[in-house]
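Shown next, in structure tokens, is the structure this report addresses.
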Amino acid sequence: MSETSGTPRRGSVRRVLIAVLGTLSLAAAAATAATLPANASAPTPPTGWSQVFVDDFTGTAGSGVNTTNWQYTTGTSYPGGPANFGTGEVETMTSSTSNVALDGSGNLLITPRRDASGNWTSGRIETKRTDFQPPAGGKLRVESRLQMPNVTGAAAKGYWPAFWALGAPYRGNYQNWPGVGELDIMENVQGLNTEWATMHCGTSPGGPCNETSGIGNNTPCTGTTCQAGFHTYAMEWDRSTSPEEVRFYLDGVNFHTVKANQVDATTWANATNHGYFIILNVAMGGGFPDAFGGGPDSGTEPGHPLVVDYVQVLQAAGSGGGGTTPPPTGNRDAYSAIQAESYDSQSGVVSETTTDTGGGQDIGTIANGDYAVYKGVNFGSSAATQFFGRVASGAAGGVSGLVEVRLDSRTSTPVASFALANTGGWQSWRTVPANMSSVTGTHDVYLTFTSGQPADFVNVNWFDFGH
């Protein structure tokens with residue numbers, strides 16, 4: 001689901017007119033998908049894979065989603081983002097159980113509705129987690145078993161369901177698409193028996209990823225149509241191959257693959273050197289439906305839900321190599337350099353190659369509200385009283401912000417901070433000291449970033465502490 005002007009704009013005419021692939025067959029996989037009950041549990045991970053996230057949508061009929069796992073996106077845009085999510089869709093997203101609710105049989109229903117005045121409402125949920133990515137040398141699989149809204153023909157005009165993911169740096173920025181990456185695992189419009197899968201990256205319009213179309217392909221559902229039955233839609237992001245690749249599947253059949261060598265190294269790194277968050281939604285109208293006859297009209301039938309049986313994320317360990325610096329398995333030493341890209345989790349930052357002494361990577365695209373977490377930092381029994389950050393900034397004049405240290409919670413009171421403005425460039429590095437409240441023991445360290453405006457203001461290469 002892509003947008004424009006730095007925010008995803010899904011489904012241009014170029015993208016949706018990609019020729020449909022010849023039907024591929026994996027009879028066993030297709031038969032399994034067709035015969036599983038509607039409320040099937042997420043399957044047991046295969047040998048070599050571990051489950052890192054799952055929601056089977058078990059709960060009381062009419063209740064909302066588990067807000068430990070999901071957050072609602074409401075209204076007609078992100079805060080500060082373009083109107084109508086940048087796509088031209090016409091609905092208002094709500095957290096009402098009229099639009100987003102469990103059915104009591106192990107399914108999630110996202111249901112578009114139209115009121116007496118002709119206004120549309122629908123639902124959009126996103127994982128709270130933004131750290132879904134494969135380990136170095138390993139693989140990540142994101143999958144869902146779902147049934148598209150069971151409506152076709154003129155009654156389906158304007159329907160646009162999707163299961164997709166956005167690069168973590170998009171959250172809170174909303175102006176850095178498509179560079180931070182988008183992975184559309186399943187998109188559909190107008191009740192057609194077709195599923196589209198696309199990777200967005202690079203620059204828009206045009207660029208190495210052919211934006212706003214992206215690098216995409218499509219295929220029909222077999223056995224039952226996409227609307228008449230459940231099918232399994234999946235993406236595997238594989239860092240064990242050379243080149244690295246992202247593969248898209250329908251009922252176990254790989255029908256689309258994007259390889260790292262299809263674009264330049266910087267474009268691929270910008271789209272993949274960070275985590276992703278997952279989105280489920282049903283839009284009404286917009287650019288993608290427009291390419292197939294337009295948005296909803298008086299003949300469009302409201303009330304046909306996207307039915308989601310489960311969402312599952314699996315991970316397969318790798319043999320190391322590539323990717324960002326992995327978090328250590330034991331406690332981190334507060335008095336040795338902690339590489340910024342070795343975070344355990346983050347929101348809003350991107351790892352990138354640095355030209356600083358020693359090479360390696362730094363974290364960038366950092367703006368107000370972003371953060372990175374470093375677990376198990378051991379300060380020992382002799383109190384640390386200083387904080388040192390290796391930082392750079394190419395921020396515009398008048399743009400500055402605070403680099404802060406918080407302990408054990410992103411919302412705790414900072415124990416240290418320093419202000420930073422332009423240092424002469426995004427790779428013009430300096431080590432900035434700051435006094436710190438006395439700290440002993442072992443803590444999770446949160447680097448948080450606060451500024452009075454939305455622009456990026458700092459890169460961080462490493463940090464440490466002193467007595």
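The values are calculated or read from the model by the stated rules, or taken from the named source; none is laboratory data. Here the structure is a predicted model, which means the values were calculated and not measured. Neighbour counts run over all protein chains shown; Cβ positions are idealised from the backbone, glycine included. Surface accessibility is based on the protein's heavy atoms, side chains included, excluding ligands, DNA and RNA. Shrake-Rupley method; radii C 1.70, N 1.55, O 1.52, S 1.80 Å.
A few remarks follow.
- For the range 64-75, residues that are open to solvent by 40 Å² or more (accessible area, probe 1.4 Å) and either of a type in the set (S, T, Y) or closer than 14 Å to V311 by Cα (or both) total 5.
- Out of S204, S240, sole residue that is more than 18 Å from L183 (Cα to Cα) and either open to solvent by 10 Å² or more (accessible area, probe 1.4 Å) or without any contact (Cβ under 8 Å) to a residue 40 or more places away in the chain (or both): S240
- Residue in the range 251-271 that is open to solvent by 10 Å² or more (accessible area, probe 1.4 Å), under 30 Å from N150 (Cα atoms) and either in contact with a Lys or Arg (Cβ under 7 Å, 6 or more places away or on another chain) or basic (K, R) (or both) present: yes
- M186 vs. criteria out of contact with any His (no Cβ under 8 Å at 6 or more places or on another chain), open to solvent by less than 10 Å² (accessible area, probe 1.4 Å) and more than 26 Å from Y343 (Cβ to Cβ): yes
- Qualifying residue in the range 380-395 (condition: aromatic (F, W, Y), closer than 24 Å to Y335 by Cα and buried (at least 22 other Cβ atoms within 10 Å of the Cβ)): yes
- Failed item in (1) of a type in the set (A, V, I, L, M, F, W, C); (2) surrounded by 23 or more Cβ atoms within 10 Å (Cβ to Cβ); (3) within 30 Å of V246 (Cβ to Cβ), with F132 passing the rest: (2)
- Residue among F230, F248, F277, F288 that is closer than 16 Å to L140 by Cβ and touching a helix residue (DSSP H, G or I) at 6+ places or on another chain (Cβ under 7 Å): F277
- Residues located in the range 206-237, provided they are of a type in the set (D, E, K, R) and in contact with a Leu (Cβ under 8 Å, 6 or more places away or on another chain): E236
The rows are residues; the columns are (1) buried (at least 18 other Cβ atoms within 10 Å of the Cβ); (2) more than 26 Å from the chain's Cα centre (by Cα); (3) closer than 20 Å to G172 by Cα.
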site	(1), (2), (3)
E404	yes, no, yes
A419	no, yes, no
W426	yes, no, no
V439	yes, yes, no
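- Cβ pairs under 9 Å, 6+ apart, first in the range 288-304 and within 25 Å of N218 (Cα to Cα), second at pLDDT below 95 and of a type in the set (V, I, T): F288/V16; F288/T87; D290/V13; A291/V13; A291/V16; F292/V16
- Residue among S204, S213 that alone is modelled with pLDDT under 95, in contact with a helix residue (DSSP H, G or I) (Cβ under 9 Å, 6 or more places away or on another chain) and part of a loop (DSSP other than H, G, I, E, B): S213
- When we screen A372, A383, A421 for residues that are aliphatic (A, V, I, L, M) and in contact with an Asp or Glu (Cβ under 9 Å, 6 or more places away or on another chain), the only hit is A372.
- Residues in the range 224-244 that are under 23 Å from the mean Cα position of the chain (by Cα) and small (G, A, S): A234, S240.
- Applying a threshold of 7 Å to beta carbon distances and a minimum spacing of six or more residues, or different chains, the list of pairs starting in the range 383-394 at a residue that is touching a residue at least 24 places away in the same chain (Cβ under 8 Å) and ending at one that is open to solvent by 10 Å² or more (accessible area, probe 1.4 Å) and of a type in the set (K, R) reads V391/R430.
- Verdict on V350 being under 18 Å from G172 (Cβ atoms), hydrophobic (A, V, I, L, M, F, W, C) and within 26 Å of the chain's Cα centre (by Cα): yes
- Strands (runs of 3 or more DSSP E) fully within the range 69-141 counting 2 or more residues that are modelled with pLDDT of 95 or more and either among the aromatic types (F, W, Y) or over 18 Å from the mean Cα position of the chain (by Cα) (or both): 70-72, 100-102, 108-110, 120-122
- Some residue of the range 214-233 being buried (at least 23 other Cβ atoms within 10 Å of the Cβ), in contact with a Pro (Cβ under 7 Å, 6 or more places away or on another chain) and not charged (D, E, K, R): no
- Note on the range 78-92: residues that are surrounded by 18 or more Cβ atoms within 10 Å (Cβ to Cβ) and either small (G, A, S) or in contact with a Leu (Cβ under 7 Å, 6 or more places away or on another chain) (or both) amount to 3.
Here is a yes/no grid of residues against (1) assigned to a strand (DSSP E or B); (2) touching a Ser or Thr at 6+ places or on another chain (Cβ under 9 Å); (3) at pLDDT 95 or above:
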site	(1), (2), (3)
V151	no, yes, yes
A154	no, yes, yes
P161	yes, no, yes
A165	yes, yes, yes
P169	no, yes, no
N176	no, yes, no
L183	yes, yes, yes
Q190	no, yes, yes
